[in-house]
Amino acid sequence: MTGSQPTGVPRGAGLRLPRPRFRPRELGLLAIVATVLAVGSASLAATRALRGEADPAASAGFLADGSGLLSFIGGLLAAHVLLVLSGRRTDQVLLPTVGMLGGISLLLMERLPQSLAGGLGLGRTQLVWLLASVALVGVIGAVVRSDAWLRLYKYSWAAVGVGILLVTFVFGHDVNGQRLTLSVGPVSGQPSELIKILLVVFLAGYLSENRPLLIEESSRVGPLRLPPIPYLAPMIAMWAIALSIVVVQKDLGAALLFFAVFLLLLYIATARVSFVVIGIMALLLGGAFLYQLLPHVRVRVDIWLDPFATASGNGYQVVQALHAFARGGLLGTGLGGGLPTIGGVLPIPALHTDFPFAALGEELGLVGILGILGLYLVVIERGLRIAASAADDFRAILAAGLSLVIGVQAFIIAAGNLKLIPLTGITLPFISYGGSSLLASGVIVGLLIALSDRGRDLPAVAESGPGRVQRMPEHGAR
Amino acid sequence: MTRPDGGRGGTARGSAPRTGPRHPGIGATVGRVALALALAFGGLAAGAGYWQVIRSADLSSSPDDAAVIAASRRVARGDITDRDGVRLAWSVLDSNGEPYRKYSSRSISGVIGYASRAFGSAGLERSYDAQLTGVAAADPVQDLVRKFRTEPSDPQAIRTTLAAELQQAAVAALGSDRGAVVMLDPRTGEVLVLASTPIFDASAIADPQTSTATFAALQADADLPLLPRATQGRYVPGSVFKIVTAIAALGSGAVTAATTFPEQPGAEKAGLLVGGYRVRDGHHPATGSTALDLIGATEVSCNIWYALAGLQTGGDALASWAAKLGFGEPIPFDIRTATSQVTNGGGTFGGGFSDAVELANASYGQAETVVTPLQMALVASTIANNGILMRPHLVQAFIGKAGTVSVNPEVWRRVLPADLAGEIAAAMKQAVEGRLGRQFTTGARVSGMTVAGKSGTAELGGTGEPNSWFIGFAPADDPQIAIAVIVEQGGRGAERAAPIAGKLLAVWRSWAGR
């Protein structure tokens, strides 16, 4: 999905290999992750063996011989070795954390009916994408040293993003009423996964460049302090893009994600709460308008308000998910012990893409849910820490934006599963089934690791390309 | 190049970014965003806690739960028995080895319901689907450690509070009429009889061979045999509602047992004028010019005295005292119940009544007043138990491999002080045993035992026969059984419901004296 190979090999690096730098913390954490996942795999196999006899129908299609998990742990170790060989002083917590999330995903996908995905089957397909995702983490984390290729071409990246969006609007095909999927020849994917990264890259470039202006100048409209009028344009554009995604793609989740990340980055860059308030008001206004206008928005909101009113109709999926959480209780049913099938059909439709959080809530219980939320918080904390100690504003906003994409996306879908907000069909990063999502998450975490480089050979920003030093606001945009 | 104010960003100017010439570090805002996200994730944890702990038990044992449905298809459900262990429902295996249900008698159809592979479940079978299939353990601690057991389901047997013999007698007494009988022990809230007619053949619904045809025929039946009338039938109560009015009037202090209304005797002939509408009586020329008190008015079922008492009590007090008895919301019970009401609500006269006319009419059980038989049995039970309403229940114990969990009697509401309840009890006794009362409750008396009660004749409008009602309890001086009988369009209370009650109380006496 990323057509562009990293081009940021520093000049003059030549073929000289860096000296390996051992990463004991990462290795130790990976050992813990491998142990926990092995226990999970054993528990799944045991449940299957014990209950399989009592209810053969429920265990049909199980896939848990341990080989998938071994390959995945092998992939994690390979990424670790790659990072060691790169010799960089980069973050050692992110890889084990997302490795844990990916391992949980693998166990879940191996445990579900394999027929949910064609070809290799659910578990094996997910394994392939997980390995590719971990490979992206390792390679990007090891190789990408300069950010010039992102920083200098922010408008080009933005144009690519908008272009992809428009192409999807026109040529995308509808799956379950949502126009999310784009096919090019044999390859198909969900472009919004790529667009969210491009969005963050553009915002990092734009906000870091215009930060001083956005902070200091403002135009007054009545009691409101608005950003300077020329700088309002990107805000309005973002708002329009988010709403058009809702209208054309019927993808509430992506629209919410894009707009939330945009507002948070705007706040991070300017520290001005008024922008966030205005943004939220614009979102609510647009949302209220779309609620009146679009039936699919209305249905989602009505389901959210009272899913039990239509428990066997529109609200079925959400109600079944809430039942799954309830069945899990405090300790869960154990992997393989929950998700009762009726006539071989899972209780929750689209469980592997939209409701893995509910499935894990049932099988791992509240304890497991808290653990998974904790893992996402670790990713967010590491990412924002990288942002706070970044060398300059671009890197800071970029790192913050990338970690916010993961964190906000996880929040949106988890909150939707728990009926805290209306349900939107976006993926749970590193856990939901799906190639596009896993690859995008891999790129994000790879970039975060690369951005965390605090080694002595930190590439100086000014040397990294032909661009200007960005701290010259009076020159305006490039 | 580094930023001018360093990477950590927490500078003093961070809090006032617009005043300083320099810009605060990004670290400060990143920190606040991190805090916001941590709070948001805390919200997720709270949400998960709500569904997984607070709502866990009721959702996961609901008959709509996927695990319950899945288990009910493959697990042999536990037996259901009456209070003496007589089997009412049990499971047998079909030729494929899959279980289905059999029932001992049609008389229990309205309370036990049915469990069918094709048509789901109803009644007690539905409420305790999770326990009968063993998806939920009766003991929550067992639920917690269930994941560590090999066979996670422990189908439980249910011992109900029902008395099969009395249930049978009640259905027989109702005969071919549509109606319901509720009998419960006022001291414990144990329900002994919950009969609804017409009855149906639950075994035929459960049997895979006959279920489709049976169910289709029952659904098409205009007499609505699938409606459990005792708990979900909603009827105009007529004069049996006067006991509710008495409870509100005495309980609120608006009226005492000795209160008389001077205008009452004079109004007997032409009717009492309330807001342009005449409350009529005409049932008791025998009382002549005597101004009646509570006992006298109850004995002869005086509409005018009760209308005046209701007006004196006020709509607010009548509605709130009725609510104490269970009106206004479904009664919490082992099977689903319908809501009883004193008024449609929305009116401005107080308590939701629209005007004095509606309140006066509701005070003797007409207007928009609608009740379930179970609700009226609870009204009688409250008076019988010295003003204390026990929580009605239908299950004595859940019996599983992991142990037995018993259901203990508990006080639901303390409605009235004992002395006021005693005054109303005396009036109800007079209504059955008194010289004039007998004429209104013919047949309710049982030889060798004093009975207290109240009959009702609920006018339905139009030309049809009224609903025939009786509520009461016995023995009057040491109440051990409360009863409510309704016969749809059975005529006056004394014609149909009161004799059934008398007959069933006699059966109860010999049953209790075993």
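Overview of values
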item: Convex hull volume per residue in cubic angstrom - Cα atoms of the protein assembly as shown; result: 203 Å³
item: Scaled radius of gyration (Cα, divided by 2.2 N^0.38 Å) that segment A:291-335 gives; result: 1.45
item: 3J(HN,Hα) from dihedral phi, segment A:163-168, Karplus parametrisation 6.51/-1.76/1.60, rounded to Hz, x for glycine, proline; result: x, 4, 4, 5, 4, 5
item: Equivalent ellipsoid semi-axes, segment B:242-336, via Cα gyration tensor eigenvalues times 5, rooted, Å; result: 27, 13, 13
item: Rg ratio (alpha-carbon, reference 2.2 N^0.38 Å) - segment B:399-460; result: 1.77
item: Rg to Rh, two decimals, where segment A:380-439 supplies the alpha carbon set and Rh follows Kirkwood; result: 1.08
item: Relative pair counts by distance (%), Cα atoms of segment A:235-351, 5 Å bins; result: 2, 10, 15, 15, 13, 13, 12, 10, 7, 2, 0, 0
item: Distance between segment A:124-165 and segment B:164-200 - C-alpha centres, whole angstrom; result: 73 Å
item: Across B:LYS324/B:LYS454; B:LYS269/B:LYS454; B:LYS269/B:LYS503; A:LYS419/B:LYS102; B:LYS401/B:LYS503; B:LYS324/B:LYS429, pairs whose alpha-carbon gap is larger than 29 Å; result: B:LYS269/B:LYS503; A:LYS419/B:LYS102; B:LYS401/B:LYS503
item: Span from the segment B:429-473 Cα centroid across to the segment A:341-407 one, whole angstrom; result: 68 Å
item: Under-5 Å amide H pairs with B:ALA137, H placed in peptide plane, nonlocal only; result: B:ASP143
item: Sorted by Cβ density within 10 Å, fewest first, the residues A:VAL301, B:VAL432, B:VAL415; result: A:VAL301, B:VAL415, B:VAL432
item: Integer Hz, Karplus 6.51/-1.76/1.60 couplings in order for segment B:195-200, x for Gly and Pro; result: 9, 10, 10, x, 8, 9
item: Under 5 Å, built H, 5+ apart or other chain: amide partners of B:LEU88; result: B:ILE80, B:THR81, B:ASP82
item: Spin-label proximity, B:ASP316 to segment B:226-252 - amide N less than 20 Å from point 7 Å beyond Cα toward beta carbon; result: B:245-252
item: Pair B:THR290, B:GLN439: separation of 7 Å Cα→Cβ label points (nm); result: 1.2 nm
item: Once the Cα gyration tensor of segment B:229-281 is diagonalised, semi-axes √(5λ) in Å; result: 25, 19, 9
item: Label-zone membership for segment A:370-402, site A:ARG454, 7 angstrom Cα→C-beta point, backbone N under 17 Å; result: A:379-393, A:395-397, A:399-400
item: Residue order, fewest to most surrounding Cβ atoms within 10 angstrom, among B:THR348, B:THR81, B:THR313; result: B:THR348, B:THR81, B:THR313
item: Nearest-20 debye value, the protein assembly as shown charge dipole, Cβ charges on Lys, Arg, Asp, Glu; result: 3600 debye
item: Placed amide H near B:GLN396: partners under 5 Å, 5+ positions off or other chain; result: B:ARG159, B:THR160, B:THR161
item: Per-residue average of Cβ from other chains inside 10 Å of A:355-362; result: 1
item: Cubic angstrom per residue, convex hull over Cα atoms of segment B:368-483; result: 164 Å³
item: Neighbouring partner chain Cβ atoms per residue of B:68-76, average, 10 Å criterion; result: 3
item: Given charges at beta-carbon only (K, R positive; D, E negative), |dipole| of chain B in Debye; result: 1560 debye
item: Segment B:249-313: relative contact order in percent, alpha carbon pairs under 8 Å with at least 6 residues between; result: 43 percent
item: Mean separation of Cα contacts under 8 Å, 6 or more apart, over the residue count of chain B: relative contact order %; result: 14 percent
item: Most positive-pole-ward Cα, B:GLY387, A:SER67, B:GLY345, against dipole of the protein assembly as shown from beta carbon charges; result: A:SER67
item: At q = 0.07, 0.11, 0.12, 0.13 Å⁻¹, base-10 log of I(q)/I(0) for chain B (Debye sum, equal scatterers on each alpha carbon); result: -0.47, -0.91, -1.04, -1.17
item: Segment A:322-378, Cα convex hull volume normalised per residue, Å³; result: 75 Å³
item: Rounded if a/c under 1.5, otherwise prolate or oblate - segment B:38-136, Cα gyration tensor axes; result: prolate
item: Distant alpha-carbon pairs in segment B:190-309 (separation over 23 angstrom), percent; result: 53 percent
item: In sequence order, calculated HN-Hα J values of segment A:199-216 (Karplus, 6.51, -1.76, 1.60; Hz; x Gly/Pro); result: 4, 5, 4, 5, 4, 4, x, 5, 5, 5, 6, 9, 3, x, 5, 5, 6, 8
item: Segment B:284-363: C-alpha gyration tensor shape, a/c 1.5 cut-off, then a/b vs b/c; result: oblate
item: Gap separating the Cα centres of segment B:105-120 and segment B:238-270, nearest whole Å; result: 43 Å
item: Neighbour-count order for B:GLU263, B:GLU125, A:GLU362, B:GLU423, fewest beta carbons within 10 angstrom listed first; result: B:GLU263, B:GLU423, B:GLU125, A:GLU362
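A short reminder: the numbers here are calculations on the coordinates, not readings from a lab. Computed from a prediction, not measured in an experiment: that's the story for all the values here. Note: ideal-geometry Cβ built from the backbone for every residue, glycine included; neighbour counts use all protein chains shown.
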